[in-house]
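Enquirer: My questions all concern the structure below.
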Amino acid sequence: MLKIAPSILSCDFANLEAEVSAMQRAGADMIHVDVMDGHFVPNLSLGLPVVASLRRKTDAFLDVHLMISSPLSYAEKFVEAGADLVTFHVESESDIQQTIDAIRQTGKRCGLSVKPDTPAEVVFPYLEQIDLVLVMTVEPGFGGQKFRPELCPKIRAIRQEIDRRGLSVDLEVDGGIDNQTISQAAQAGANVFVAGSALFSQPDYREAVEKLRTHAQGSSYIG
Ligand code: DX5
Ligand code: ZN
């Protein structure tokens, strides 16, 4: 299923509740929450209290993307705060298997993310245990960067492996997704599309979400 996930990194944080509910009304399928620790990536964003406050104000599905060095220490806390899906990076310092186990024990969904220079094969051993693979199509840390089309073969390789094993794992792309680049990512096999600046910069969120969806739908993956 095709899903559009607005990234609140580009929203007006002084009006977080209004921004999230506007995106929900606009047809967003989930809300992407970027957590950065100033160590795993050279930027700080938001943490547990913001997720907990948001949870009290919305029933939106919260797709939490941890760009932090020690996801094992925090994954459960993000679930307690209200995350519906916790995605962490294979390049972090935490043990991958232990972190997957910690998230799965909560009963919530688990995702694995790879930075642009990390090969697709790193996630293959875990595909049966996870709900989502997140392929970064920019170097993580900042919104508003340019999509890297050379990563499409990696997206395709992961999609092929998911399909070959008959799994229903979602394949999410994050970074530089707009009305043009979403077509390339969809053709390569992605089905969940994070968009920050391309959505929150628009005056009409509904029109912006619909446009993205239409472009993705018009570019389906052929295996
Ligand atoms: C970047 C974050 C992204 C970011 C995407 O490290 O993971 O989710 O918000 O922003 P855009 O869509 O503007 O590239
Ligand atoms: Zn993200």
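Enquirer: For P116, only one of the following conditions fails: (1) over 15 Å from the mean Cα position of the chain (by Cα); (2) in a loop (DSSP other than H, G, I, E, B). What is its number?
Expert: (1)
Enquirer: Does L66 satisfy the criteria of being within 16 Å of ligand 2 (Cβ to nearest atom) and farther than 23 Å from R148 by Cβ?
Expert: Values: within 16 Å of ligand 2 (Cβ to nearest atom): yes; farther than 23 Å from R148 by Cβ: no.
So L66 does not fit the description; no.
Enquirer: Hey, another quick one. Please state which of the following conditions D178 fails to meet, knowing it meets all the rest: (1) assigned to a helix (DSSP H, G or I); (2) out of contact with any strand residue (DSSP E or B) (no Cβ under 6 Å at 6 or more places or on another chain).
Expert: (1)
Enquirer: In contact with a helix residue (DSSP H, G or I) (Cβ under 8 Å, 6 or more places away or on another chain) and in a helix (DSSP H, G or I): which single residue out of A190, A186 fits that description? Explain how you work it out, then say what you get.
Expert: Values: A190 fails: in a helix (DSSP H, G or I).
Unique residue meeting the criteria: A186.
Enquirer: Restricting attention to segment 117-157, which residues are open to solvent by 30 Å² or more (accessible area, probe 1.4 Å), of a type in the set (K, R) and closer than 23 Å to M1 by Cα?
Expert: R156
Enquirer: Taking segment 193-208 on its own, how many of its residues are touching a strand residue (DSSP E or B) at 6+ places or on another chain (Cβ under 9 Å), more than 6 Å from ligand 1 (Cβ to nearest atom) and open to solvent by 20 Å² or more (accessible area, probe 1.4 Å)?
Expert: So the answer is 2.
Enquirer: Among all residue pairs at least 6 apart or on different chains, which show Cβ distances below 8 Å where the first residue, located in segment 196-212, is without any contact (Cβ under 8 Å) to a residue 24 or more places away in the chain and the second is away from ligand 2 (no atom under 16 Å from the Cβ) and open to solvent by 40 Å² or more (accessible area, probe 1.4 Å)?
Expert: Listed pairs, sorted by first residue: A198/N179.
Enquirer: Going through segment 3-31 one residue at a time, which ones are touching a helix residue (DSSP H, G or I) at 6+ places or on another chain (Cβ under 7 Å) and closer than 13 Å to A195 by Cβ?
Expert: Scanning segment 3-31 gives I4, P6, I8, S10, C11, M23, A26, G27, A28, I31.
Enquirer: Take residues that are touching a residue at least 60 places away in the same chain (Cβ under 8 Å) and open to solvent by 10 Å² or more (accessible area, probe 1.4 Å) and tell me which of the helices (runs of 4 or more DSSP H) falling wholly in segment 1-92 contain 1 or more.
Expert: Qualifying helices (runs of 4 or more DSSP H): 16-25.
Enquirer: Could you tell me which numbered condition P125 fails, if it satisfies all but one of (1) in contact (Cβ under 8 Å) with a residue 40 or more places away in the chain; (2) of a type outside the set (K, R); (3) over 15 Å from L171 (Cβ atoms)?
Expert: Result: P125 fails condition (1) only.
Enquirer: Return only the number of the condition from (1) in contact (Cβ under 8 Å) with a residue 40 or more places away in the chain; (2) within 16 Å of ligand 2 (Cβ to nearest atom) that L171 does not satisfy.
Expert: Every listed condition holds for L171 apart from (1).
Enquirer: Go through the residues of segment 161-175 one by one and say whether even a single one is at pLDDT 95 or above, in contact with a helix residue (DSSP H, G or I) (Cβ under 8 Å, 6 or more places away or on another chain), part of a helix (DSSP H, G or I) and surrounded by fewer than 17 Cβ atoms within 10 Å (Cβ to Cβ).
Expert: No.
Enquirer: While we're here: With the checklist (1) open to solvent by less than 20 Å² (accessible area, probe 1.4 Å); (2) within 15 Å of ligand 2 (Cβ to nearest atom); (3) on the phi < 0 side of the Ramachandran plot in hand, flag the one item I103 doesn't pass.
Expert: (2)
The values are calculated or read from the model by the stated rules, or taken from the named source; none is laboratory data. As the structure is a computational prediction, the values presented were derived from the model and not from experiment. Positions of Cβ are backbone-derived with ideal geometry, glycine not excepted, and every protein chain shown enters the neighbour counts. The protein model used for the area step is the full one, side chains on, heavy atoms only, and it has no ligands, DNA or RNA in it. Shrake-Rupley method; radii C 1.70, N 1.55, O 1.52, S 1.80 Å.
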